[in-house]
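This report concerns only the one structure given below.
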Amino acid sequence: MPLVLTQEQEMLRSSATGFLEENAPVKALRKLRDDKDETGFSRALWKEMAQMGWAGIVIGEDHGGVDFGFVGAGLLAEEMGRTLTASPFLSTSLLAATALRKAGTRESQDALLPQIAAGDLVMALAVDEGAKHQPLNTSMAANKSGNGFKLSGEKQFVADGGVADKFIVAARTASVAGDRQGITLFLVDGEAKNLTRERTIMVDSRGAARLKFDGVEVTGEDIIGEVDGGHDILEGVLNVGRAGLAAEMSGAAQKTFEMTVDYLKERQQFGKVIGSFQALQHRAAHLYSELELVKSAVLKSSQELDDNFGIAGPVCALAKAKSGEVAKLAALEAVQMHGGIGMTDEYDVGFYLKRIRVGQEMFGDFAYHADQLAHMRGY
Amino acid sequence: MSDLKAFAAEVREWLEANCPEEMRTPITGDKDICWGGRDFTFQSEAQKVWMERMAAKGWTVPTWPKQYGGAGLSRAEEMVIKKEMKRIGARSPLDSFGIWMLGPALLKFGTEEQKLEHLPPVARGEIRWCQGYSEPGAGSDLASLKAKCEDHADHWLVNGQKVWTSYADVADWIFVLVRTDQNASKHNGISFILVDMASTGVSTKPIKLISGNSPFCETFFDDVKVPKDYGPDISSVVGEVNRGWDVAKYLLTHEREMIGAGGGGMLDSRGPGEIAASAIGLGEDGRLDDPILRGKIAQTEIDGWAFLLTMERMKDEAKAGQNAGIGAKSSMLKYYGTELNKRRYEVLMDVAGSDGLEWEGERSRNGDLAKSWLRTKANSIEGGTSEVQLNIISKRILELPDA
Ligand SMILES: Cc1cc2nc3c(=O)[nH]c(=O)nc-3n(C[C@H](O)[C@H](O)[C@H](O)COP(=O)(O)OP(=O)(O)OC[C@H]3O[C@@H](n4cnc5c(N)ncnc54)[C@H](O)[C@@H]3O)c2cc1C
């Protein structure tokens, strides 16, 4: 597969750019924040996105989706990164839809996928149990109870968890933290008994949640995949999330960079535009080069998800690691090269800096993925 | 696609039958590279045979048209050959400045007669070229070059000095940038001229590098008479007189891509992680017993992989006709690839520890790693420094104003 977009993909991208710039600019996120919006995104906007097929971008046509593949999904994520659009795209349309499509029961697929594609159902993936992403260390207890299980434990950093109608929860049915074997994925209703959630407003003004399970009851029908065999499915789903976040951060970083270069051409000091100072030019040119590497890794990761889903782990790790580092650099350089104005809330750069920090952390930061890659390569 | 598959099968079979066993071992240094040329001493019979067989197929320069010594293949077919060669670990049959630099420039700016005269000997490895661009006073500011070239009706008269001319002492011909109009503005009086190194008045003096090798020279031109034509319609000047800067710049984009590409791989085909695993050892959890070094290795491997993908993407975009700005993008590849290669060799030196510091003797293959490490320092200087590449990116791609 050549590393270029098809015409269809180019069209999707340009229609997304236009739509988002008009309907979901950074101003919209700012307003959600200032209004202390309960949902954290606009349901009306999400519904509109769903009507364009975005919510069902990786859902099959038989379930109301458009089946555009992960490259298409990556393009949307990238464009949403440029405008910092708040939506349940990642949590619901990438993570949950992939989990259901790849491993859900026929019944759950028939019941949930059409609702996701229609923009009527919000879902969230609950994995992390500590401050750092360590899915293998999942230790939330899923104890046998009757012909089902009882879930007990805590989850955090659950994107869109404050408003999700349903959760996909990783828990341990066997073995101990650190073992691949013994992890099982469960579908849990948002209103389930003995489940409490605390919405956590994050630094990027987007919503996440901490969940507390005090013996939440689930049945065998709520299992996604096999009992004890959830690890590989979870990794597949996480890879989709990593590639999606990488694409989003790539978009956010590109936009931040463009704002910076524009500012370099506009702001004058010492009687000339600051963009004529070589010290700044070289930093900008270096950043440009790094961004080119990110674009390549991001595109490759989503192509690999489309073509070789089962072995896409390494390149998704690459994309996530590289995009996080470079997006961070783009955000830091943006603030620095804007001077004082970059530190003001009124200016948009800060929003990018904050979202990128969240994106870096979610589903594994640079160190996590560098460690994974090193391990895969035998050192 | 199925055509490519059939082609791959054909290539595989031919390589199996024709690539000598000795040419399927990794290259361990400059000495293993086949440069060709009148006076080239082949390292082995196998090296000679391998070059000749590939040249006969046109596969030393697969994408060049057949009449110029190539095989007239598409880039996709060239990739197939490269892949199949890589599969059996085949060495490159021939490397040269003629292939990387002069060839692309002649294909674009040369006349039919010039191409027919100069390209086939390059493809066959018979003539070795060197590059006469830099001068003592003209490095990064190349266009300020002074080598003087006067029109003497039936010949050109060249006087001046070049410096850092790689392999000038072993090259047969040189492509030189000279000033043909003393009065024109800096970029407008330069010509691109081809000179036989055997001409009277051309002399070279090797310069020793920090690696101990002397791969480059000072090159002197004292009243060198260069014919206006090397035969009917075979002008010694490529492109128009006084428009040599266009040729020079175009050639540089190829040179930069080539140098930058070094950032994607390295002589030793084992990655630093793998080398470190055997040199330092792994802990019980399968992780290198030196976590800080391990992190550094991972960082360079991540950047290396993303860089390889970027070269791939640039090629694919060019193929799809999407890469109008490839000229300036070659500066990005040059900058990133060479800085990366330097970083990688720093890591390799860290990994090797004191073993890597041995300079002589069998054990270190005469300081192979140390010398390669030192050689990489030039990557970000030769072909235009990193700072110059960053300037080009700033101006041409980001469109930032001059200071
Ligand atoms: C191994 C090797 C092989 C070579 N082979 C050849 C060859 O075959 N043929 C050939 O013609 N040349 C060759 N060169 C020469 C090479 O192209 C020059 O060395 C290079 O262009 C730099 O010129 P310089 O050495 O004069 O450095 P200078 O131009 O003097 O640069 C010195 C320092 O100043 C910086 N600098 C200069 N201008 C600027 C600016 N505008 N902004 C910011 N920083 C700046 C440079 O980046 C560098 O760090 C080779 C060089 C090496 C090291």
Next item on the list: May I ask you to list the residues in the range A:26-55 that are over 26 Å from A:Gln115 (Cα atoms) and either in the same structural domain as A:Leu299 (by TED's automatic domain parsing) or not aliphatic (A, V, I, L, M) (or both)?
Entry: A:Lys27, A:Arg30, A:Lys31, A:Arg33, A:Asp34, A:Asp35, A:Lys36
Note to self: Regarding the range B:324-343, can at least one residue be identified that is more than 16 Å from the ligand (Cβ to nearest atom) and over 22 Å from the mean Cα position of the chain (by Cα)?
What the structure shows: yes
Check: Being farther than 30 Å from A:Leu32 by Cα and either hydroxyl-bearing (Ser, Thr, Tyr) or in contact with a strand residue (DSSP E or B) (Cβ under 9 Å, 6 or more places away or on another chain) (or both), is that true of even one residue in the range A:349-370?
Finding: yes
Check: Could you list, in sequence order, the residues of the range A:331-379 that are within 14 Å of chain B (Cβ to nearest Cβ) and among the basic types (Lys, Arg)?
Finding: A:Arg377
Margin query: I'd like the full set of residues that are surrounded by fewer than 23 Cβ atoms within 10 Å (Cβ to Cβ), under 23 Å from B:Thr376 (Cβ atoms) and either touching a Gly at 6+ places or on another chain (Cβ under 6 Å) or among the aliphatic types (A, V, I, L, M) (or both), limited to the range B:166-222.
Written below: B:Val170, B:Ile207, B:Leu209, B:Ile210
Item checked: Residue list for the range B:279-333, filter: in contact with a Leu (Cβ under 8 Å, 6 or more places away or on another chain) and aliphatic (A, V, I, L, M) -> B:Ile280, B:Leu282, B:Leu288, B:Ile297, B:Ala298, B:Ile302, B:Ala306, B:Leu309, B:Met311, B:Met314
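Every residue, every condition in (1) hydroxyl-bearing (Ser, Thr, Tyr); (2) away from the ligand (no atom under 12 Å from the Cβ); (3) farther than 19 Å from B:Phe40 by Cα, yes or no:
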site	(1), (2), (3)
B:Lys162	no, no, yes
B:Tyr167	yes, no, no
B:Ala171	no, no, no
B:Val176	no, no, yes
B:Asp181	no, yes, yes
B:Ala184	no, yes, yes
B:His187	no, yes, yes
B:Phe192	no, yes, yes
B:Met197	no, yes, no
Checklist line | Among the residues listed as A:Lys272, A:Lys255, A:Lys265, the single one being under 30 Å from B:Glu387 (Cα atoms), buried (at least 20 other Cβ atoms within 10 Å of the Cβ) and charged (D, E, K, R) | finding: A:Lys255
Next item on the list: Within the range B:92-151, track down each residue that is surrounded by fewer than 23 Cβ atoms within 10 Å (Cβ to Cβ), assigned to a strand (DSSP E or B) and within 12 Å of the ligand (Cβ to nearest atom).
Entry: B:Glu135, B:Ala138
Checklist line | Hits in the range A:354-368 - residues which are of a type outside the set (S, T, N, Q), in contact (Cβ under 8 Å) with a residue 60 or more places away in the chain and in a helix (DSSP H, G or I) | finding: A:Lys354, A:Arg355, A:Ile356, A:Arg357, A:Val358, A:Gly359, A:Glu361, A:Tyr368
Margin query: I'm told B:Ile302 meets every condition in (1) free of Cβ contacts under 8 Å to residues at least 60 places away in the same chain; (2) within 7 Å of chain A (Cβ to nearest Cβ); (3) touching a Gly at 6+ places or on another chain (Cβ under 7 Å); (4) not polar (S, T, N, Q) except one. Can you identify the failing condition by its number?
Written below: (3)
Next item on the list: Restricting attention to the range B:348-403, report how many residues are part of a helix (DSSP H, G or I), of a type in the set (D, E, K, R) and within 16 Å of the ligand (Cβ to nearest atom).
Entry: 5
Check: Is it the case that some residue within the range B:344-367 is polar (S, T, N, Q) and within 10 Å of chain A (Cβ to nearest Cβ)?
Finding: no
Notebook entry, point to check: What helices (runs of 4 or more DSSP H) completely inside the range A:1-91 contain at least 3 residues that are within 14 Å of chain B (Cβ to nearest Cβ)?
Noted result: A:7-23
Next item on the list: State which residue is surrounded by the most Cβ atoms within 10 Å (Cβ to Cβ) when the search covers only the range B:392-403 and only residues that are at the interface with chain A (Cβ under 7 Å from one of its Cβ atoms) and closer than 11 Å to A:Gln278 by Cα.
Entry: B:Ser394
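The values are calculated or read from the model by the stated rules, or taken from the named source; none is laboratory data. Worth saying up front: this structure is predicted, and the values here are computed from it rather than measured. Reconstructed Cβ throughout: ideal geometry from the backbone, glycine too, with neighbour counts over all protein chains shown.
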